[in-house]
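Asks: Sharing a structure here in structure tokens format.
The values are calculated or read from the model by the stated rules, or taken from the named source; none is laboratory data. Quick caveat: nothing in here was measured; it's all calculated off a predicted structure. Positions of Cβ are generated from backbone atoms using ideal geometry, with glycine treated the same way; all protein chains shown enter the neighbour counts.
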Amino acid sequence: MKNYSNYSIYSFAGLLVGSIFLNTTGLVRGAIAQSEPGRITPVVIAQNQPIQPIQPKTAQQVAEIAAPITVQINSSLGDGSGVIIARQGNVYTVLTVNHVVSDNTVKYAVRTSDGNNHPVTQVISLQTNEDKPDLAVVKFTSEEIYPVSILGNSEQTVIGSQIYVFGFPATGGLFGADREPELSPGLVTSRPRSRPEGYTLRYQAVTWSGMSGGPVFDADGRVIGIHGQGEFGFAQTNSGDVAPIKTGFNAAVPINTFIRKLADVGLNPASLQLDDRPTVATPVSLLNQNDPKILYLRGLSELDQENAWEAIAHFNRALQKEPANTPEIYFHLGLARSLLVSPDEPTRGVNPISDYTKAIALNPGYADAYYNRGITYYQNATSQQKKGDLMRARADLREAIADLQNASRLYQQGGRLRDYEETMKILNNWQSINW
């Protein structure tokens, strides 16, 4: 088997999630194992054998499964990822997100794991209007034999479940065919019943531009979602401006959503490899009140559902258990407090600035903490300007500009060029303000 040991595998927010599964028998309780409507009847792999639970895989093993079935999707407009889901003769079908291939005037190419480029011969969008899921399939032809992914049952993925996102990020100055594959482990934080464009599988993981359309795997290396959203919430300032806030939350369209629409893309279950077997990988139990990592995860889950006060309570309990080396907890504590800040009175009540400051003190390279603190300072500045306190408004604006300068520098150094460019646009706008 090809050695993929040189592929990047990220750790997640200070939690040990790469290949660690808690050997517990406690179930995750509450309204977290939401059933997806229209449950599928899968074709089970190894049909002639008794159905047995399958063993969870390490991050390295998942990377070895993911690498040959995950592809680049390249065009003159930008970069994306996708996953091979079917082969019929010499025609391959790749599943991706619609926003990667939405322009029918552009020529797209699929780059497979062997480095070959294949012109896309057909694009079929499932997002015929804004209410439909952000999914599409593209097809290419090749006489080469490429492996096809095994699709799991996304109903089995609940809060606390281990997931892995795989794709080709446009980072480090690498774009198009030069991008390298990366695996990012994470944990599921919420399973909302509905979200715009079908993004009802939400998780905390490190993802980058260029990974959109890439597969999300469960602990057994089965595709249970297609990644396509990440990182941003929004904050409104007193002046009515809306600025994005870095959150770290990401989302995928569950694979069951796609399977229910097979007929729309000319496929049927027999065309796919589907595996509905249970796994022995136990979701992280949220019941242990003494484990700071579990308290942090509970806080993330509440924050993802915009339950700010509940999130703050869990984060504070986690900090009581583990007060040092926790920049991520302070970052998300600041994010939770930002949900409670009124754009009319941002300087009263809860203040996320101190939390972001603590995160930066623990991790001076925390670009997103600089970014979010800068957004908060700008909110304060616009509020003071409206009140007529120009001295305080100018002081807060200087702090906001300094933070975004630090964030942009760190984004550039880290190869996060899209974040760098977006931050520079905001920064240039702020530097033109004359109060």
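Asks: Residues Glu155, Glu144: which one is in the same structural domain as Val253 (by TED's automatic domain parsing), in contact (Cβ under 8 Å) with a residue 24 or more places away in the chain, surrounded by 17 or more Cβ atoms within 10 Å (Cβ to Cβ) and of a type in the set (Asp, Glu)?
Replies: From the options Glu155, Glu144, the qualifying one is Glu155.
Asks: Name the one entry in Pro68, Pro56 that is in contact (Cβ under 8 Å) with a residue 40 or more places away in the chain, surrounded by fewer than 22 Cβ atoms within 10 Å (Cβ to Cβ), of a type outside the set (Ser, Thr, Tyr) and assigned to a loop (DSSP other than H, G, I, E, B).
Replies: When all the criteria are applied, what remains is Pro56.
Asks: Further question on the same structure: Quick one: Arg416 ticks every box in (1) modelled with pLDDT of 95 or more; (2) crowded, with 21+ Cβ neighbours inside 10 Å except a single one, so which number is it?
Replies: (1)
Asks: Same structure again: Would you call Ala395 more than 10 Å from Gly374 (Cα to Cα), more than 27 Å from the chain's Cα centre (by Cα), modelled with pLDDT of 95 or more and surrounded by fewer than 16 Cβ atoms within 10 Å (Cβ to Cβ)?
Replies: Yes: the conditions hold for Ala395.
Asks: I've got another one for you. Considering Arg195, Arg179, which residue is surrounded by fewer than 22 Cβ atoms within 10 Å (Cβ to Cβ), basic (Lys, Arg) and either outside the structural domain of Tyr420 (by TED's automatic domain parsing) or under 22 Å from Leu300 (Cβ atoms) (or both)?
Replies: Just one listed residue meets the conditions, Arg195.
Asks: Any residue in segment 77-93 that's within 24 Å of Phe175 (Cα to Cα) and not assigned by TED's automatic domain parsing to the domain that holds Phe168: show its pairings with residues that are assigned to a loop (DSSP other than H, G, I, E, B) and modelled with pLDDT under 95 at Cβ separation under 7 Å, as long as the two are six or more apart or on different chains.
Replies: Matching pairs, first to second residue: none at all.
Asks: Further question: Would segment 368-391 turn up any residue that is aliphatic (A, V, I, L, M) and under 27 Å from the mean Cα position of the chain (by Cα)?
Replies: Yes: segment 368-391 contains one or more residues that are aliphatic (A, V, I, L, M) and under 27 Å from the mean Cα position of the chain (by Cα).
Asks: Would you be able to say whether some residue in segment 366-384 is free of Cβ contacts under 8 Å to residues at least 40 places away in the same chain and surrounded by fewer than 18 Cβ atoms within 10 Å (Cβ to Cβ)?
Replies: No, segment 366-384 has no match at all.
Asks: Also: Do the conditions hold for Val188, that is, is it crowded, with 24+ Cβ neighbours inside 10 Å, touching a residue at least 24 places away in the same chain (Cβ under 8 Å) and closer than 19 Å to Leu303 by Cα?
Replies: Answer is yes for this residue.
Asks: For segment 291-328, how many residues meet the condition of being more than 20 Å from the chain's Cα centre (by Cα) and not in a helix (DSSP H, G or I)?
Replies: Matching residues across segment 291-328 total 6.
Asks: For the condition at pLDDT 95 or above and more than 21 Å from the chain's Cα centre (by Cα), what is the one hit in Ala67, Ala86?
Replies: Ala86
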